[in-house]
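The values are calculated or read from the model by the stated rules, or taken from the named source; none is laboratory data. The model shown is predicted, which means the values in this text are computed figures rather than measured ones. When we count neighbours, we look across all protein chains shown, and the Cβ atoms used for this are built from the backbone with ideal geometry, even at glycine.
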Amino acid sequence: MPKKPPLLKLPNPINSNPAHDAEHTIYVAGTGGGKTSAVKHIGLVPKGSQVVFFDPYSNYAGAKFQGQMCHSTSSRLAFLKALVLARKRGMSFKLAYVPASGATEHELEFFSSVVWSVGNGNAAKLHTVIEELASCVETSGKLKGRSGELLRGGRQYGLVVHSVFQRGQEVPKTVTDQSSTWWIGAVNSQNDAQWLAARRGIDVSVIAGLVSAKVNKKRIGEPVAHYLLVRDGIGNVKHAAFHCATGAPRALK
């Protein structure tokens, strides 16, 4: 069995700033539910922001994200150098790490360690998109290591985590507990709908009634995904639909 590459010795983030709002976000939907398209188009990652991606399936690498090219690398050293330099420049950028070993726990921990090290509570926020989170963790309890620290302590250093996965039951409680905004698309089963309904106080029939882009492509010839956007506060739920290719809003019916 090959040895895991050693983690680099990296500095801690600087300039703790508790004034930052809690903005961690999760995107949960079954296959074809539109969760990656939601990251690209819904606007929870602000246009013109600094964004870094854990991108094992190259969903962002080499393509434009909000009009800006997303550069990528599979080299750990190149990723570290590129992110440090981009943060020093202080301008908008899009950078993807495409892990050579795929969606694994040690690749995610490396990525998270690098992101944690460039946190700065007095600099521009760094939006951090983690695809295929459930494939990288071995527990539904507490998320340990730098990955967990990004969620528990990243806010005060301007680190905003966007976690993308298919089933809430498969990810650590740290992820769901620390994320104030939930984007919910069509899920794969009634059990998934019930789990989400219980945790966000939503009628399970509303979640179960969401239609995926995959289904709508067959029905109406367009990849239109229905979704709920749930924020903090009682009744703060938006029910809407969008075109997964263009991002354009669509009517629910």
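Can you tell me which of Gln178, Gln194 is polar (S, T, N, Q) and touching a residue at least 24 places away in the same chain (Cβ under 8 Å)?
The unique qualifying residue is Gln178.
Are any of the residues in segment 222-241 under 17 Å from Glu131 (Cβ atoms) and outside any strand (DSSP E or B)?
No, there is no match, as no residue in segment 222-241 is under 17 Å from Glu131 (Cβ atoms) and outside any strand (DSSP E or B).
Collect the residues in segment 101-146 that are modelled with pLDDT of 95 or more and aliphatic (A, V, I, L, M), keeping them in residue-number order.
Leu108, Val114, Val115, Val118, Ala123, Ala124, Leu126, Val129, Ile130
For segment 15-60, which residues satisfy the criterion of being within 22 Å of Leu210 (Cβ to Cβ) and not in a loop (DSSP other than H, G, I, E, B)?
Scanning segment 15-60 gives Thr25, Ile26, Tyr27, Val28, Lys35, Thr36, Ser37, Ala38, Val39, Lys40, His41.
With (1) at pLDDT 95 or above; (2) under 21 Å from Glu23 (Cβ atoms) as the list, and Gln194 as the residue in question, which single condition is left unmet?
Here Gln194 clears every test but (2).
Identify, from the list Leu229, Leu252, Leu210, the residue that is of a type in the set (A, V, I, L, M) and under 13 Å from Trp182 (Cα atoms).
None of the other options fit; the residue is Leu229.
Hey, can you tell me all the residues within segment 118-162 that are basic (Lys, Arg) and crowded, with 23+ Cβ neighbours inside 10 Å?
Residue satisfying the conditions is Arg155 alone.
May I ask you to verify whether Leu44 is out of contact with any Lys or Arg (no Cβ under 9 Å at 6 or more places or on another chain) and within 17 Å of Lys125 (Cα to Cα)?
In short, yes.
I'd like the full set of residues that are farther than 22 Å from Tyr60 by Cα and of a type outside the set (Gly, Ala, Ser), limited to segment 152-170.
Once the filter is applied, which keeps residues that are farther than 22 Å from Tyr60 by Cα and of a type outside the set (Gly, Ala, Ser), segment 152-170 yields Arg152, Arg155, Gln156, Tyr157, Gln169, Glu170.
Being surrounded by fewer than 19 Cβ atoms within 10 Å (Cβ to Cβ) and closer than 12 Å to His41 by Cβ narrows it down to one residue among Ala225, Ala245, Ala208; which is it?
Sole residue among the options that is surrounded by fewer than 19 Cβ atoms within 10 Å (Cβ to Cβ) and closer than 12 Å to His41 by Cβ: Ala245.
Within segment 58-104, take every residue that is on the phi > 0 side of the Ramachandran plot and out of contact with any helix residue (DSSP H, G or I) (no Cβ under 9 Å at 6 or more places or on another chain) and give me the one that is surrounded by the fewest Cβ atoms within 10 Å (Cβ to Cβ).
Ranking the qualifying residues of segment 58-104, first place goes to Gly67.
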